[in-house]
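Accompanying notes for the structure given below.
The values are calculated or read from the model by the stated rules, or taken from the named source; none is laboratory data. Worth saying up front: this structure is predicted, and the values here are computed from it rather than measured. No Cβ is skipped: glycine too gets one built from the backbone with ideal geometry, and neighbour counts run over all protein chains shown.
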Amino acid sequence: MNRTGRLIGIVLFCAAVVMLLSSALRAESPKELRAVTEEEIAKITAALPSKPVVEAKPRKMLVFWRCEGFFHGSIPVVNKAMEMMGKKTGVYDVVITDDYSVFTPEKLKEFDAVCLNNTVGLKFNPQETADRCKSLMDFVKGGKGIIGIHAATDNFREAPYEWPEGMEMMGGKFTGHPWEARGVLSSKMDVPPDLEVRQYKGEGWAIKLDVPDHPLVAAFKGKGFKIIDEIYRTEPPLYSRSKQLVLMSLDMSDPATKAKASKPSDEDTGISWVKNVGEGRVFYCSLGHNDEIFMNEAILQHYLAGIQFAFGDYKIDTKPKP
């Protein structure tokens, strides 16, 4: 084969690789989720809270996991963890689905909160799906709750399914993740580069508690921590400390964490926050790309507290601190 032929072959091979990676990254929801393994269940069980944060009547939560773009592999683990946490603590029962037909006033009224589990590119548009948008917004503004896990801010942001009111409700939108899911890798660690690696190593990204005495971060005992997960960039004007109470954010005093900040707005990257929308409540946490997040005792406790807040049973301060 001559030089020109070899070059053409290399170009075609590279193009094929790019197409395959692009396809993998934009993979939509599978028809069926994989089964969570016994080992994973055991790890979740060991990390679960043993009791409610506050005693209240049993609630019902919708866990919605549909993806119209990137499908997060942690979705089955999150679904299982949410189900198990509700049962063990007695706080709530769950209905788990990816069926849009649930978003009607009649069906939503049986729930106390909707949990968006790593949803991506949801088909909500005021022109094309006006009833769906109104049903969810009325649900929240009428006094119910939204829990957003990780990719829950990667919705309502792209034409034709752009819903500004929905993005405003969530308090942010996905614009990138400079802080990768594998965390800070040591040069001595041998981690394969393929996309299917699920066990990550490294130091992780530094998280600080913005309101260390707030009850929703009580599980962290007043101290920041490091975590290996994918962290979403949060940019104004949707993300604003004047609109929501930021509970945790990236700690830019950590050199490795700060090194990934490439835009001025990256200096303030929110991790979790709460806000009121009408008579309802929103709790969002960026942590949730990696399976291991839901095998972490403190983070599960943080989620439980946020869920009980979203139900309206945990009365906490939500006043923004600009």
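Taken together, the residues in segment 53-101 that are more than 17 Å from ILE41 (Cβ to Cβ), in contact (Cβ under 8 Å) with a residue 40 or more places away in the chain and either among the aliphatic types (A, V, I, L, M) or in a strand (DSSP E or B) (or both) amount to 11. Checking each residue in segment 166-215 for being exposed (fewer than 15 other Cβ atoms within 10 Å of the Cβ), under 21 Å from the mean Cα position of the chain (by Cα), modelled with pLDDT of 60 or more and of a type outside the set (A, V, I, L, M) picks out only GLY176. Quick one: is LEU304 buried (at least 17 other Cβ atoms within 10 Å of the Cβ), over 24 Å from TRP179 (Cβ atoms), under 17 Å from the mean Cα position of the chain (by Cα) and of a type outside the set (Ser, Thr, Tyr)? Yes, satisfied. Screening THR104 on (1) within 24 Å of ASP291 (Cβ to Cβ); (2) at pLDDT 95 or above; (3) β-branched (Val, Ile, Thr); (4) surrounded by fewer than 16 Cβ atoms within 10 Å (Cβ to Cβ) shows it passes everything except condition (1).
Checking the stated criteria, VAL274 turns out to be touching a Gly at 6+ places or on another chain (Cβ under 9 Å) and without any contact (Cβ under 8 Å) to a residue 60 or more places away in the chain.
Quick one: is PHE283 hydrophobic (A, V, I, L, M, F, W, C), part of a helix (DSSP H, G or I) and surrounded by 21 or more Cβ atoms within 10 Å (Cβ to Cβ)? In short, no.
Name the residue that is nearest to MET61 (Cα to Cα), counting only residues in segment 119-152 that are of a type in the set (S, T, N, Q) and surrounded by fewer than 24 Cβ atoms within 10 Å (Cβ to Cβ).
From segment 119-152, those of a type in the set (S, T, N, Q) are 119, 125, 127, 129, 135; that's our starting set.
Still in the running and surrounded by fewer than 24 Cβ atoms within 10 Å (Cβ to Cβ): 125, 127, 129, 135.
Details: ASN125: 24, GLN127: 28, THR129: 23, SER135: 16 Å.
Here the residue is SER135.
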